[in-house]
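Structure first, commentary second.
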Ligand SMILES: [Zn+2]
């Protein structure tokens, strides 16, 4: 039980600190200098960036996004978008077909 209380205390402390790092600017919520997005906006944003930079890998797409944006499931969202990207899936499939032929 003590541990539960301790965990709660840490969680509250972290939440408080997060709040302090957040501020509003021109109707947008920022975390430190990163823009915090609404959940439904994140998928569209990731897809746009991923396509804009030329269907880069998850790692490179993430690096690009992390410079400016922040949200809780940033990695999950990004993986999902790359997984749903038709061009990436086609490239992946043709690679594995080539490999199996060779
Ligand atoms: Zn792609």
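Could you grab the pairs with beta carbons closer than 8 Å, sequence gap of 6+ or different chains, first residue in the stretch 79-91 and more than 16 Å from residue 52 (Cα to Cα), second one near the ligand (Cβ under 8 Å from one of its atoms) and part of a loop (DSSP other than H, G, I, E, B)?
91/55
Would you confirm, using the coordinates I've provided, whether residue 18 is in contact with a strand residue (DSSP E or B) (Cβ under 9 Å, 6 or more places away or on another chain), surrounded by 11 or more Cβ atoms within 10 Å (Cβ to Cβ) and either modelled with pLDDT of 70 or more or part of a helix (DSSP H, G or I) (or both)?
Taking the combined requirement at face value, the residue satisfies it.
From the residues in the stretch 56-68 that are surrounded by 15 or more Cβ atoms within 10 Å (Cβ to Cβ) and over 8 Å from the mean Cα position of the chain (by Cα), which one is farthest from residue 38 (Cα to Cα)?
56
Provide a single number: the residues in the stretch 21-71 that are assigned to a helix (DSSP H, G or I) and closer than 24 Å to residue 83 by Cα.
23
Just need a number here: residues in the stretch 46-71 that are within 10 Å of the ligand (Cβ to nearest atom) and farther than 26 Å from residue 28 by Cβ.
Adding up the residues that qualify gives 3.
Any idea how many residues of the stretch 72-92 are over 15 Å from residue 41 (Cα atoms), within 11 Å of the ligand (Cβ to nearest atom) and either modelled with pLDDT under 90 or assigned to a helix (DSSP H, G or I) (or both)?
Of the residues in the stretch 72-92, 10 are over 15 Å from residue 41 (Cα atoms), within 11 Å of the ligand (Cβ to nearest atom) and either modelled with pLDDT under 90 or assigned to a helix (DSSP H, G or I) (or both).
Please go through (1) touching a helix residue (DSSP H, G or I) at 6+ places or on another chain (Cβ under 9 Å); (2) modelled with pLDDT of 85 or more for residue 31 and return the number of the only condition it doesn't satisfy.
(2)
The values are calculated or read from the model by the stated rules, or taken from the named source; none is laboratory data. Only a predicted model underlies this, so the values are computations on that prediction, with no experimental measurement involved. Methodologically, a virtual Cβ is constructed for each residue, glycine included, from the backbone with ideal geometry; neighbour enumeration extends over all protein chains shown.
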